[in-house]
Amino acid sequence: MAAAAAETQMGDGAPPPGALYSFGTPWPELNQGLTYTDTFRCADADAATTLIEFYSTNHKSSAPLPGWIKRIRNGQITVDGEVVTDPDMTLVDGSKLVYHRFPWQEPFAPYLLEVLYEDDDMVALNKPSGLQVLPKGLFQQRTVLAQLQLKDWKMASSCRFKRKDVQSHPVPVHRLGRGTSGLLLCAKTKVAKVRLASYFAEGAINAAKKRDKSEFSEERKISKFYRALVTGILDDDEVVVTQPIGLVHYPGVAEGLYAACSSGKPAMSKVCVLERLAHQNHTLVQVEIHSGRPHQIRIHLAYIGHPLVDDPLYGIGGHPNFVEPESTGTDSSFASDGGYERPLQPVPGDCGYHLHAHWLVLCHPTTNKDERLLTPLSLSFRWSGFQA
């Protein structure tokens, strides 16, 4: 039975400070599982390919060989609609393969979201730390997107009749790291989605074209400002970081890890000191980002020698705080679902660092008026005694 949605509005009691209202549906114990579909294509008509050869070769980042054997024998794979439990079954060209991943309990994640701004085109949320924006990895259900899909977004029938581009639910137009709290923009209409996404894309394009730090404050259609607590005391009141960010090899992350990389994509961050906390050897900073590379602020602050306080992943230089151990030459170890065991080293979704998307200024996607949206500071900053 589905859990009842929780919603706190102005008329039903006091909303969170600075919020119009909050909403959210408690997570079920287990998610609904996943299915992954492939179509087998035979590259060599004279060479036979078995089911286990296909999965252990094409999806080796998902599980080691013994793990795929376990999944097949568990009846988790169908071929042309029929369950197959023989790993050595020979595949026929054009066969439809479906791997059924059993439902699992996702790690803890908060579910309540605060609404800071809302109109017919967009909604601005205050995302809590620990909640992922879009499905990925272990988090397929416990996401911001899922809560947006579960909520009943009421709109006047007259407005719905006039607006043919209204979506069934708002969708995020940018991302925040799982451990990052703060302001997240979501589009209610297709037009708003396209225009807001283009605003964010323009920042990345400008960062690639203009590396002159003096041009950082040029007029843009969206400007994002974060607050971060970093280790050490910054000497300069203002620093502009233009270190490129790209993918590097990292154990446990199949697609690679974003880090400071000379061959990466251009990125630009402007760091301004707000307060130097000499007694804690920390500095409170404001960061304005021109581009929006994954983990950009974490990487750039670490690159200049001031990683975020309690960041489990990025260390000085903008590289991971981990030295890969020597390979044991075996892949016999796997988790209960057949996949790889969770890496012992930190991964990008790990939380603990102090980063808050504090405010932004944007050109409204339909009215073209300037809007300034501000969030309350996250609890981690309140605990440290920082105020807006």
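For segment 105-137, the set of residues classified as hydroxyl-bearing (S, T, Y) and more than 30 Å from S336 (Cα to Cα) consists of Y117 only. Residues that are closer than 19 Å to T375 by Cβ, at pLDDT 95 or above and open to solvent by 40 Å² or more (accessible area, probe 1.4 Å) occur in segment 178-187; there is at least one.
Between L112, L91, L51, which is at pLDDT 95 or above, out of contact with any Lys or Arg (no Cβ under 9 Å at 6 or more places or on another chain) and under 30 Å from S181 (Cα atoms)? Reasoning before the result, please.
Details: L91 fails: under 30 Å from S181 (Cα atoms); L51 fails: under 30 Å from S181 (Cα atoms).
The match here is L112.
The values are calculated or read from the model by the stated rules, or taken from the named source; none is laboratory data. Everything numeric here is computed off the predicted structure, so don't read it as measured data. We place every Cβ from the backbone using ideal geometry, glycine too, and count neighbours over all the protein chains shown. To get the accessible areas, we keep the full protein, side chains included, count just its heavy atoms, and leave off ligands, DNA and RNA. Shrake-Rupley method; radii C 1.70, N 1.55, O 1.52, S 1.80 Å.
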